[in-house]
Amino acid sequence: MNEYQIGGGLRLLTAIEKSEAFAEFLKNRLVRALETEDPTELHYLLAQLDDYHSYMWRYYKKLASDRSERMNPGV
């Protein structure tokens, strides 16, 4: 995978695909950024992590709305 791409529909398959792609993306680049102590690359990866985090929160909010019967108010 050349680059991880954020965005797209808020669907289960999209969320799974993005999670798999993001895991591979981080596996390939995060260790290298840490080993080389490259602040620019680490900054880029942190920005990608922030984008992924935002996407997953959007997906969570959609699920909470669409499947409110599954919500656990104690969590």
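The values are calculated or read from the model by the stated rules, or taken from the named source; none is laboratory data. Worth saying up front: this structure is predicted, and the values here are computed from it rather than measured. Every residue, glycine among them, receives a Cβ derived from its backbone with ideal geometry; neighbour counts consider all protein chains shown. Note: areas computed on protein heavy atoms with side chains; ligands, DNA, RNA excluded. Shrake-Rupley method; radii C 1.70, N 1.55, O 1.52, S 1.80 Å.
Within segment 42-69, how many residues turn out to be under 17 Å from the mean Cα position of the chain (by Cα) and open to solvent by less than 70 Å² (accessible area, probe 1.4 Å)?
Keep residues of segment 42-69 that are under 17 Å from the mean Cα position of the chain (by Cα), which gives 42-63.
Among the residues that remain, those that are also open to solvent by less than 70 Å² (accessible area, probe 1.4 Å) are: 42, 45, 47-48, 51-52, 54-56, 59, 63.
The total comes to 11.
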> Where residues in segment 4-31 are open to solvent by 70 Å² or more (accessible area, probe 1.4 Å) and not in a helix (DSSP H, G or I), which of them is modelled with the highest pLDDT?
Replying inline: Arg11
>> Six or more apart or on different chains, Cβ atoms under 8 Å: show the pairs whose first residue is in segment 49-75 and farther than 15 Å from Phe22 by Cβ and assigned to a loop (DSSP other than H, G, I, E, B) and whose second is modelled with pLDDT of 85 or more and open to solvent by less than 90 Å² (accessible area, probe 1.4 Å).
In response: Met71/Ala64
